[in-house]
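The values are calculated or read from the model by the stated rules, or taken from the named source; none is laboratory data. Computed from a predicted model, the values in this text were never measured in an experiment. Quick reminder, even Gly has a Cβ in these numbers, built from the backbone with ideal geometry, and neighbours come from all protein chains shown.
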Amino acid sequence: MWVFIPLKDFVKAKQRLSGFLSPSERRCLFQAMVEDVLDVLTQVSSLERIILLSDDPAATLLAEHYGIDCWSEKALGATGLNPVINAAVNSVVGQVDAAMVVHGDLPLATQEEWEEVLAVHRQIVNPNKLTLVTDRHCDGSNVVVCSPPGALAYEYGPESCHHHRQQAQDNGLVVEILELQGLSRDVDDGDDLLELLNRDWGRRGPKTLQYLRENKLDLRIKALMTREANSAFIKMNAVHN
C-alpha cells in the first residue's frame, strides 16, 4: 500500500487558528503536526511507500529526514487539493493494489489506530473497497483507503465523507466508515487545540504538544479560549434576561 499526504504551503496552513497564533507560529505548529504523523506512520511496517505531495521546500526537507518521497505539484501538473491528489493516485493505477490518502494534521493518531484501519481494509473480502476514517463531526474524510487506486475521484471539502461514500457505493465499492479517537481528531480550531492540551499525555506527548508548551503558546490558547467562553456565557445570559 502506498500513502499520499497532501500538504499545503506551510506558511498558509491553519488559517482558522489566526486568532490564536501568528503566521510563523501556525507554520511551526503545522510542521510539528506533520512530523507527529510521520513519526507514527513510518513505524507501520506494512506500508510500502509514503509520499508527500507539496511544492513547499519544508516538505522536501521532511521527506529527506524521514527517508520518504516528495512529489511536487508542478511535476504532477495539477493545482489545488483535489486535482493534486487525483493526479498522484491515478499515476499509480496498475502499480499497487491500494492507496491511502492521509491529512497531515492528525497529531493525536496512534500506531495502533493506523494498524486498525489497515486491518479493517484487508478484512473486506471484496477487492473493490473503500475504508474511510471520518472526523469527529462525521463530515470530513481524515483517512481514505481505496482499492484499487483510481476507483474513487477524491472530493475533499464540505461533507466529503458523504460524497466519498456515495460515490464509492455508486461505483460498486464495499464501504467501511470508522471513527477513531485519535485519527478522527484533526486540529483545525481552538477547541481542537484545547483538547490536545488537556489530554493526559504522561511524560512527553507528541511534538505538537511540545511545541505549544515550549513556546508557552498553551497558556495563550487557554487564556483566549477562557475569554471566549466567558464572553459567550455573558451574551447568552443577556439574551435570556
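Tabulated results
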{"item": "Yes/no for SER184 being of a type in the set (Ser, Thr, Tyr), surrounded by 21 or more Cβ atoms within 10 Å (Cβ to Cβ) and out of contact with any helix residue (DSSP H, G or I) (no Cβ under 7 Å at 6 or more places or on another chain)", "result": "yes"}
{"item": "Meets criteria (of a type outside the set (Gly, Ala, Ser), within 14 Å of the chain's Cα centre (by Cα) and not in a helix (DSSP H, G or I)) for VAL144", "result": "yes"}
{"item": "Single unsatisfied condition, LYS216 versus (1) at pLDDT 80 or above; (2) loosely packed, with under 14 Cβ neighbours inside 10 Å; (3) closer than 20 Å to ARG16 by Cβ", "result": "(3)"}
{"item": "Close pairs (7 angstrom Cβ cut-off, 6 or more residues apart or separate chains): assigned to a loop (DSSP other than H, G, I, E, B) in the stretch 188-207, among the charged types (D, E, K, R) and modelled with pLDDT under 85 anywhere", "result": "none"}
{"item": "Lone qualifier among GLY80, GLY104 - being over 22 Å from GLY182 (Cβ atoms) and assigned by TED's automatic domain parsing to the domain that holds ALA168", "result": "GLY80"}
{"item": "Top-ranked residue of the stretch 118-136 - restricted to ones that are within 14 Å of the chain's Cα centre (by Cα) and not in a strand (DSSP E or B), ranked as nearest to LEU41 (Cα to Cα)", "result": "ASP135"}
